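To keep things clear, I will list the structure first and then write my remarks on it.
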């Protein structure tokens, strides 16, 4: 009986914790993954760094709030937001309809297409497709590009990170042997080692890996993929109840986009302008 | 609590049970064979045999299983000469790496359990056997083995249960066993409590069966005629 009591108390505490903090936004806790270079990653000294960390500090300054960063594994990043472990997610997270069922998003602060990568010398590198694959465009050309991609990848081992738009894309459009990784870093290692034939991810994070010694043998192939279930760009994830916080982020992001701050951060980390 | 979700996810998660059991079964069998060898080396008076066994056990027991799995799966793959050697045929496979890691782990722990069992055989029993004219093999079969098994079985049962739970680690090398599937469902439904309760219950059931089986075996060796 005592065990049941302890367990019930625990459950009640857990469920109440979601409502414990609201209203006062002088301090904002930002949840991020810390394993998605150059968006957010952990440097050799163990500190969280990356484009989103810089952007978050800038946005918090605009909102007159103190930023505190919380590191959280990707596959639990939405549940932890809902449970109140932090107030906002800034972790290279694309705004999708699927995620909007559980949380809400600020407007997009960066946009970037998804892209396939493989190792140099792979037959996949000779694949020729259209330059862009826009999933919002329902034309025959789109279907043709998906068909070409699918034919080339049929039965091959494709790596994706768990719970990403890329996993959704593979499940929806491709007939492959899907390998699901907890983080991008682990998938990168297996791509270089040849345990998977191709990987699908945001292009920037693979570009960052190509710049490292172990990623030197990695190269892109296939089209830039965007739109549809890949979402409308990367935004800050916010609990559905916190519409005041969402309004604050929307305003700060619009200002940061207008005065060129987002472009500057983007050039610094990605070498190209991802501003919305 | 979303009970309907728990009900639906049960039929998804249960698909991971064959893989979990396959990994437990194969690594336990290989591990036990290896453990008997290591235990015999460990009790040997010849340092040439006992030292390697000692250091093997020391290394495996002294480092986390997660780290061993990372080392074997991601670590070894970093070396070009390994990727180009015949070893890569097996090391390329996540399943092989998972089974290898768990085999080495259970071999180290089981070797210590077996050694403990063997050393619990009082020298007096063995002397009594030889004074009655029993041959070395007969003493092993009639005196040393029965006592060793009787002593080691409860601890070995514990090791089997730990093995079942340890398989949850292999989901990090893309193997979709019980925990791997559970995590995938959580990442889509954002309902960790419900899904982990379902996954936990499945582990509980598997371990319940194993506990019963060990109890039965203990009863057999204590009252039977082995």
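Go through the stretch A:145-168 and give me each residue that's away from every other protein chain (no Cβ under 14 Å) and farther than 14 Å from residue A:118 by Cβ.
Answer for the stretch A:145-168, where residues must be away from every other protein chain (no Cβ under 14 Å) and farther than 14 Å from residue A:118 by Cβ: A:145, A:146, A:147, A:148, A:150, A:151, A:154, A:155.
Can you name every residue in the stretch A:173-193 that is assigned to a helix (DSSP H, G or I) and within 13 Å of chain B (Cβ to nearest Cβ)?
A:185, A:186, A:187, A:188, A:189, A:190, A:191, A:192, A:193
Could you list, in sequence order, all residues of the stretch B:110-124 that are without any contact (Cβ under 8 Å) to a residue 40 or more places away in the chain, surrounded by 13 or more Cβ atoms within 10 Å (Cβ to Cβ) and in a helix (DSSP H, G or I)?
Of everything in the stretch B:110-124, those that are without any contact (Cβ under 8 Å) to a residue 40 or more places away in the chain, surrounded by 13 or more Cβ atoms within 10 Å (Cβ to Cβ) and in a helix (DSSP H, G or I) turn out to be B:116, B:117.
Checking residue B:187 against (1) more than 14 Å from chain A (Cβ to nearest Cβ); (2) surrounded by 15 or more Cβ atoms within 10 Å (Cβ to Cβ); (3) more than 20 Å from residue B:117 (Cα to Cα), only one condition comes out false. Which one?
Residue B:187 satisfies every listed condition except (1).
Limited to the stretch A:103-134, what total is found for residues that are over 23 Å from residue A:63 (Cβ atoms), buried (at least 17 other Cβ atoms within 10 Å of the Cβ) and within 14 Å of chain B (Cβ to nearest Cβ)?
Going through the stretch A:103-134 one residue at a time, the tally reaches 1.
Of all residues in the stretch B:164-184, how many are within 11 Å of another protein chain (Cβ to nearest Cβ) and assigned to a helix (DSSP H, G or I)? Full working, then the answer.
If we filter the stretch B:164-184 for residues that are within 11 Å of another protein chain (Cβ to nearest Cβ), which is where we start, we get B:171-176, B:180-184.
Those still in the list that are assigned to a helix (DSSP H, G or I) too: B:171-173, B:180-184.
Here the count works out to 8.
I want to confirm something. Restricting to the stretch B:190-224 and keeping residues that are outside any helix (DSSP H, G or I) and within 14 Å of another protein chain (Cβ to nearest Cβ), which single residue is surrounded by the fewest Cβ atoms within 10 Å (Cβ to Cβ)?
Selected residue: B:191.
Restricting to the stretch A:194-207, name every residue that is in contact with a strand residue (DSSP E or B) (Cβ under 8 Å, 6 or more places away or on another chain) and either buried (at least 19 other Cβ atoms within 10 Å of the Cβ) or away from chain B (no Cβ under 14 Å) (or both).
Hits for the stretch A:194-207 are A:195, A:196, A:197, A:198, A:199, A:200, A:201, A:202, A:203, A:205, A:206.
Values in this text are rule-based calculations from the coordinates and carry no lab data. None of these values were measured; they are calculated from a predicted model. Here Cβ is always computed from backbone atoms with ideal geometry, including for glycine, and neighbour counts include all displayed protein chains.
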